[in-house]
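A.B. asks: Attaching a single structure in structure tokens format; questions to follow.
The values are calculated or read from the model by the stated rules, or taken from the named source; none is laboratory data. In this text, all values refer to a predicted model and were calculated from it rather than measured experimentally. Cβ atoms come from the backbone with ideal geometry, glycine included; neighbour counts cover every protein chain shown.
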């Protein structure tokens, strides 16, 4: 069973495309091999800036012959139907077989496909993969028709076993597959031959190429943290940047550089963002002060001066970049200290949405809503309004224009510079949160009020203009906004009836409920349990809804809960069928004086006792107590159905028993709509 080595060697592949490209190469080739009748033991894909590589182990040497029979039309079918069958099978009419069946003679096609060698199949599969590779962007060069992300220089397509290695015959647009590759662009010598994957990886490393991206990342992080630690510093963790930089180099050389003292007064986030976005530098922090004082850059080669020239050039470019950031920062501070009025006025000329007005109009709505919400979240209304009025002022700042990802954070710095209360400054940064399911949730009351107002204004506004999410499309991130409201409410334990918020329609409330189901499902709460609680009054109070759902979910996991549910469903089914048959509603009038059986009398007493406990428990939102009271009905209901026939021949007794079942439905239904809970 041979092993396979594939390498596609090209000019530099953008770092952001490498991981997916390696995965795509693996899936295209292995899926193609399997579809052609081959199997394999394992496969792994690799990428560097100049190559994609694939190793396939234990490939079967050839595919098995295949004999396939296809039933076609009847012999007397229209000629066009027969011609279509011939086209589908690739056979002539003379090659078809005629067989007798119950409804007459029918054409059959017997298609025999001989087995093929792995080399023949591999060449076909790889050529198809290369010609149809799903690059986000690709280019054509020279006179050929092949498109690749960058000019493709060479291809290795090699099969090896105990007898040795052979090149698979393959040519794509004049590029003939071979067993030759090249090492590092600057530090390696001539091209070299390889005999298999192990030989390939080892020779690449000798030629200053680390094939595995995760190994390059580990080298970078190890050297960077060691160099920083030696100077009493620490590298700011950034896994995304680490993965990107590992895709920029084939032989990582870590260099630690200093930031000019003139820039150390910039906010650390500004330094970090500027260095990351413009230079792909890691920030190095002083753990005692929190200041960013140095940086790490990763070169792609070793030099005689140990990187001194490279580092000097990088520091020069960095100084120019940070000079811009310093200029923005100082200009912005002047406006902030003047009260940010210029920025707030300019937002009147910035359109939020053509149907929802300017950013200034939106801010006015958010401020009004934040003032209304403030008492519900324990915030001072005046502070909430003030925070909402300045929370988005930094959108007009030069720093946020240059680095949009710093919005909110810069708002905090500017609010502090303006001398605004600490609660207001904190809300400027926190009001965008949470941005996702794992993002931190604000808990400071003023921040919570503004964050809720911001998200609720977005949702009610887009609902009002009928711009709702459809399918997978959600251009205004309304699902994220709804989840943000849900998390703010639940984490802070807020009593916030959404039905009382202006603009929250029944349709929007249903959207909240759908988002809540998704959120709770990930926490193990069943969708039918949530539905049973949504059907109750007060379902617009999300915290109350979740509290009820959690109590019901816990109750239904017990034996009492499970058996009571079955008893309830039996009572509800009998009652529903009787009401449909009789055309009346049995909802009142059950009287113990018509009870004939002791189990029937016991159920009357149990329902009276449960109702007396459940009603005050529900009023006090003590759902655990309500569930415990409901659990006491399990045994009386079971005993009733064992001893009593509801549909008695005596119509007075029958009506009384149906009305008794109605009491079961109404009392249990005061806790949750058990009709929608799955058995």
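A.B. asks: Is it the case that residue 539 is in a helix (DSSP H, G or I) and either in contact (Cβ under 8 Å) with a residue 12 or more places away in the chain or more than 29 Å from residue 470 (Cβ to Cβ) (or both)?
C.D. replies: no
A.B. asks: Show the residue pairs that are 6+ apart or on different chains and have beta-carbon atoms under 6 Å apart, the first residue being within the stretch 497-512 and assigned by TED's automatic domain parsing to the domain that holds residue 536, the second being part of a loop (DSSP other than H, G, I, E, B).
C.D. replies: 497/540; 497/541; 498/504; 498/540; 499/540; 509/540
A.B. asks: State whether the residues of the stretch 202-211 include one that is touching a helix residue (DSSP H, G or I) at 6+ places or on another chain (Cβ under 9 Å) and closer than 26 Å to residue 122 by Cα.
C.D. replies: There is at least one residue in the stretch 202-211 that is touching a helix residue (DSSP H, G or I) at 6+ places or on another chain (Cβ under 9 Å) and closer than 26 Å to residue 122 by Cα.
A.B. asks: What are the residues in the stretch 346-356 that are free of Cβ contacts under 8 Å to residues at least 12 places away in the same chain and either surrounded by 16 or more Cβ atoms within 10 Å (Cβ to Cβ) or more than 21 Å from residue 476 (Cα to Cα) (or both), if any?
C.D. replies: Correct list: 352 only.
A.B. asks: Identify, from the list 635, 605, 609, 643, the residue that is touching a helix residue (DSSP H, G or I) at 6+ places or on another chain (Cβ under 6 Å) and at pLDDT 90 or above.
C.D. replies: Of the residues listed, the single one that is touching a helix residue (DSSP H, G or I) at 6+ places or on another chain (Cβ under 6 Å) and at pLDDT 90 or above is 643.
A.B. asks: Then there's this: Can you pull out the residues in the stretch 152-176 that are closer than 22 Å to residue 13 by Cβ and free of Cβ contacts under 8 Å to residues at least 40 places away in the same chain?
C.D. replies: Answer for the stretch 152-176, where residues must be closer than 22 Å to residue 13 by Cβ and free of Cβ contacts under 8 Å to residues at least 40 places away in the same chain: 173, 174, 175, 176.
A.B. asks: Just to check your reading of the model, which residue among 439, 466, 474 is without any contact (Cβ under 8 Å) to a residue 60 or more places away in the chain, under 30 Å from the mean Cα position of the chain (by Cα) and within 26 Å of residue 268 (Cα to Cα)?
C.D. replies: Selected residue: 439, the only one of 439, 466, 474 that is without any contact (Cβ under 8 Å) to a residue 60 or more places away in the chain, under 30 Å from the mean Cα position of the chain (by Cα) and within 26 Å of residue 268 (Cα to Cα).
A.B. asks: Check the stretch 421-430 and report whether any residue there is modelled with pLDDT under 95 and either in contact with a helix residue (DSSP H, G or I) (Cβ under 7 Å, 6 or more places away or on another chain) or over 23 Å from residue 332 (Cα atoms) (or both).
C.D. replies: No, the stretch 421-430 contains no residue that is modelled with pLDDT under 95 and either in contact with a helix residue (DSSP H, G or I) (Cβ under 7 Å, 6 or more places away or on another chain) or over 23 Å from residue 332 (Cα atoms) (or both).
A.B. asks: Determine if the stretch 136-150 includes at least one residue that is surrounded by 15 or more Cβ atoms within 10 Å (Cβ to Cβ), under 30 Å from residue 304 (Cβ atoms) and more than 31 Å from the chain's Cα centre (by Cα).
C.D. replies: No, that holds for no residue.
A.B. asks: For residues that are under 17 Å from residue 457 (Cβ atoms) and surrounded by 24 or more Cβ atoms within 10 Å (Cβ to Cβ), tally how many sit in the stretch 386-400.
C.D. replies: Counting residues in the stretch 386-400 that are under 17 Å from residue 457 (Cβ atoms) and surrounded by 24 or more Cβ atoms within 10 Å (Cβ to Cβ) gives 6.
A.B. asks: Quickly run through the stretch 637-653 and pick out the residues that are in contact (Cβ under 8 Å) with a residue 40 or more places away in the chain and part of a helix (DSSP H, G or I).
C.D. replies: 637, 638, 639, 640, 641, 642, 643, 652, 653 - these are the residues of the stretch 637-653 that are in contact (Cβ under 8 Å) with a residue 40 or more places away in the chain and part of a helix (DSSP H, G or I).
A.B. asks: Could you tell me whether any residue of the stretch 218-229 is within 30 Å of residue 117 (Cα to Cα) and either in contact (Cβ under 8 Å) with a residue 12 or more places away in the chain or not assigned by TED's automatic domain parsing to the domain that holds residue 299 (or both)?
C.D. replies: No, the conditions are met nowhere in the stretch 218-229.
A.B. asks: Between 482, 535, which is at pLDDT below 95 and either out of contact with any strand residue (DSSP E or B) (no Cβ under 6 Å at 6 or more places or on another chain) or closer than 26 Å to residue 626 by Cβ (or both)?
C.D. replies: Result: 535 is the single residue among 482, 535 that is at pLDDT below 95 and either out of contact with any strand residue (DSSP E or B) (no Cβ under 6 Å at 6 or more places or on another chain) or closer than 26 Å to residue 626 by Cβ (or both).
A.B. asks: Condition first: crowded, with 22+ Cβ neighbours inside 10 Å and over 11 Å from residue 298 (Cα atoms). Now tell me which residues in the stretch 234-246 satisfy that.
C.D. replies: Passing the criteria: only 235.
A.B. asks: Of the numbered conditions (1) in a strand (DSSP E or B); (2) surrounded by fewer than 18 Cβ atoms within 10 Å (Cβ to Cβ), residue 283 satisfies every one except a single condition; which is it?
C.D. replies: Residue 283 satisfies every listed condition except (2).
A.B. asks: Looking at the structure I just gave you, is residue 337 surrounded by fewer than 14 Cβ atoms within 10 Å (Cβ to Cβ), more than 26 Å from residue 14 (Cβ to Cβ) and out of contact with any helix residue (DSSP H, G or I) (no Cβ under 6 Å at 6 or more places or on another chain)?
C.D. replies: For residue 337, the condition - surrounded by fewer than 14 Cβ atoms within 10 Å (Cβ to Cβ), more than 26 Å from residue 14 (Cβ to Cβ) and out of contact with any helix residue (DSSP H, G or I) (no Cβ under 6 Å at 6 or more places or on another chain) - is not met.
Each row is one residue, and each column tells you yes or no for (1) touching a residue at least 40 places away in the same chain (Cβ under 8 Å); (2) assigned to a loop (DSSP other than H, G, I, E, B); (3) under 34 Å from the mean Cα position of the chain (by Cα).
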residue	(1), (2), (3)
334	no, no, no
382	no, no, no
399	yes, no, yes
413	yes, no, yes
423	yes, no, yes
427	yes, no, yes
433	yes, yes, yes
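A.B. asks: Then there's this: Could you tell me which of the residues 442, 437 is at pLDDT below 95 and over 24 Å from residue 465 (Cα atoms)?
C.D. replies: Result: 437 is the single residue among 442, 437 that is at pLDDT below 95 and over 24 Å from residue 465 (Cα atoms).
A.B. asks: Quick one: how many residues across the stretch 1-34 are in a helix (DSSP H, G or I) and touching a strand residue (DSSP E or B) at 6+ places or on another chain (Cβ under 8 Å)?
C.D. replies: 10
A.B. asks: Is it true that residue 59 is more than 30 Å from residue 185 (Cβ to Cβ) and in contact (Cβ under 8 Å) with a residue 60 or more places away in the chain?
C.D. replies: yes
A.B. asks: Checking the structure you have, find out if any residue of the stretch 662-679 is surrounded by fewer than 17 Cβ atoms within 10 Å (Cβ to Cβ), free of Cβ contacts under 8 Å to residues at least 12 places away in the same chain and not in a helix (DSSP H, G or I).
C.D. replies: no
A.B. asks: With the structure loaded, tell me whether residue 625 is assigned by TED's automatic domain parsing to the domain that holds residue 590, closer than 16 Å to residue 604 by Cβ and surrounded by fewer than 17 Cβ atoms within 10 Å (Cβ to Cβ) or whether it fails that test.
C.D. replies: Judged against the criteria, residue 625 is not a match.
A.B. asks: Any residue in the stretch 566-582 that is at pLDDT 90 or above and either in a loop (DSSP other than H, G, I, E, B) or within 23 Å of residue 437 (Cα to Cα) (or both)?
C.D. replies: So far as the stretch 566-582 goes, no, none of its residues is at pLDDT 90 or above and either in a loop (DSSP other than H, G, I, E, B) or within 23 Å of residue 437 (Cα to Cα) (or both).
A.B. asks: While we're here: Could you grab the pairs with beta carbons closer than 9 Å, sequence gap of 6+ or different chains, first residue in the stretch 99-117 and loosely packed, with under 11 Cβ neighbours inside 10 Å, second one modelled with pLDDT of 85 or more and assigned to a strand (DSSP E or B)?
C.D. replies: These pairs meet every condition: 100/106; 101/71; 101/74; 103/74; 104/74.
A.B. asks: Still on this structure: Using the structure shown, decide if residue 290 is part of a loop (DSSP other than H, G, I, E, B), more than 21 Å from residue 48 (Cβ to Cβ) and at pLDDT below 95.
C.D. replies: Considered against the rule, which asks whether it is part of a loop (DSSP other than H, G, I, E, B), more than 21 Å from residue 48 (Cβ to Cβ) and at pLDDT below 95, residue 290 comes out as yes.
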